[in-house]
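Worksheet: the structure to be examined is printed underneath.
Every read-out reported here was derived from the displayed coordinates using simple, explicitly stated rules and does not represent laboratory data. Not measured: the values here are computed from a predicted model. Cβ sites come from the backbone with ideal geometry, for glycine too, and all protein chains shown count toward neighbours.
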């Protein structure tokens, strides 16, 4: 798709540049501006029409209008020496690379792409997310004044008897009463 | 942390700020990894939005747990 854009999307500009150069050259050779413009337009149109109507390749057509040892051949040699074909290739190539780069950048900026594409990012969001969830649960439970004493997490850190007298008792009773049949 | 930032009206401001700061840190790291810098105000709004999303998730799951617990209780009776 990028190749199509590089060739066809930007292509008219390449031809306009060539027409512009031809027109300027005509003016420098002594034609007046209107004549140079008309001649250039008709030449470009004629060339495009010929290529459209003919079954031949552009290279065959070029060979056909180039007489051996004539002025056209001399001019084409100058263009080739200037590296026109190479320039067109590298211009298209650069456009292609730019397009690919833009697409990559766009893909990076778009949020909501899979977190698994970047393991470090996944790690960060998961770890901090889990911690935030824990803090938020604690915050919510404290706000509604719920009894969120968990005997399992405090068995090893402190003596169980100290807590069970106060807020742990009701929770332990709840656990004991519901755990056998709880889903 | 509660020692420095007092609670207000039964709401633990300290843990609220902690959550906000952590969320903002996470978002900053993620955006830096993706090679983009974010405006602080945008970051704050985004962090608040993420926290609200988390709150809704917790609400939803607590409803599920409630249903589950009630089911278990009704079977026992």
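What to note about this one:
- The stretch A:2-109, relative contact order [Cα under 8 Å, separation at least 6], %: 37
- Over the stretch B:13-76, the Kirkwood radius and the radius of gyration, each from Cα atoms, give a ratio Rg/Rh of 1.25.
- Shielding by partners, peptide A:133-143 (average Cβ within 10 angstrom, other chains): 5
- Here the stretch A:29-98 yields Rg over Rh of 1.04, to two decimals, using C-alpha coordinates and the Kirkwood radius.
- Euclidean distance of C-alpha centroids, the stretch A:34-50 and the stretch B:27-46, integer Å: 55
- Number of partner chain Cβ atoms within 10 Å, mean per residue of A:118-131: 3
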